[in-house]
């Protein structure tokens, strides 16, 4: 029996607009997490992750006819590349900066891999709640599911978790990225982890 993603992909390939819209919406939170990991303090003053994601979604909808993949993993890789292009344009337009180098692509790939391995990255965060998040979910679903869980948090909580856990930045580095003082970031981190424990909802098979 085809999965929801497979079914929507089949319908979207028939040039049906509504299924394509539903398909892309499944990955809005996933793309937001990746965009959050890339925006530094300079660009945050002009744009939010949701602005970048909105541009990415519009481009994906416009260019879906060029997508040749058949699996969710291929679709995620395609969406990541569109997101990278959107980030490059944002830096060029809003900061008058030259096109960002290969580190952008490497960073996004690393964050995506960390999302895929979320059971490892988040084991300690929910240590008192039993199994780690997404521990029993198939690998192809882990990244999207964790992104949906993080989206339940207020933006500042989500951002500090993404930068600390998925990017592996120090508190000083997170402070610079978020344009905050290191001390306030440490307090924000503690509150974010506590709130994540409260709002996290395990799936039926966890």
Here is a list of conditions, (1) exposed (fewer than 13 other Cβ atoms within 10 Å of the Cβ); (2) in a loop (DSSP other than H, G, I, E, B); (3) at pLDDT 55 or above, and residue 190 meets all of them except one; can you say which number that is? (2)
Test for residue 54: is it more than 30 Å from residue 179 (Cβ to Cβ) and either without any contact (Cβ under 8 Å) to a residue 40 or more places away in the chain or not in a helix (DSSP H, G or I) (or both): no
Look through the range 15-40, keep the residues that are in a loop (DSSP other than H, G, I, E, B) and modelled with pLDDT of 85 or more, and return whichever of them is nearest to residue 81 (Cα to Cα). 27
From 43, 47, grab the single residue that is at pLDDT below 90, surrounded by 15 or more Cβ atoms within 10 Å (Cβ to Cβ) and outside any loop (DSSP other than H, G, I, E, B). 43
Filter result for residue 71 (surrounded by fewer than 16 Cβ atoms within 10 Å (Cβ to Cβ) and modelled with pLDDT under 85): no
Of all residues being under 15 Å from residue 38 (Cβ atoms) and surrounded by 19 or more Cβ atoms within 10 Å (Cβ to Cβ) in the range 170-183, which is modelled with the highest pLDDT? Just the residue, please. 174
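The values are calculated or read from the model by the stated rules, or taken from the named source; none is laboratory data. Source: prediction; values computed, not measured. Note that we place each Cβ from the backbone using ideal geometry, even for glycine, and neighbour counts take in every protein chain shown.
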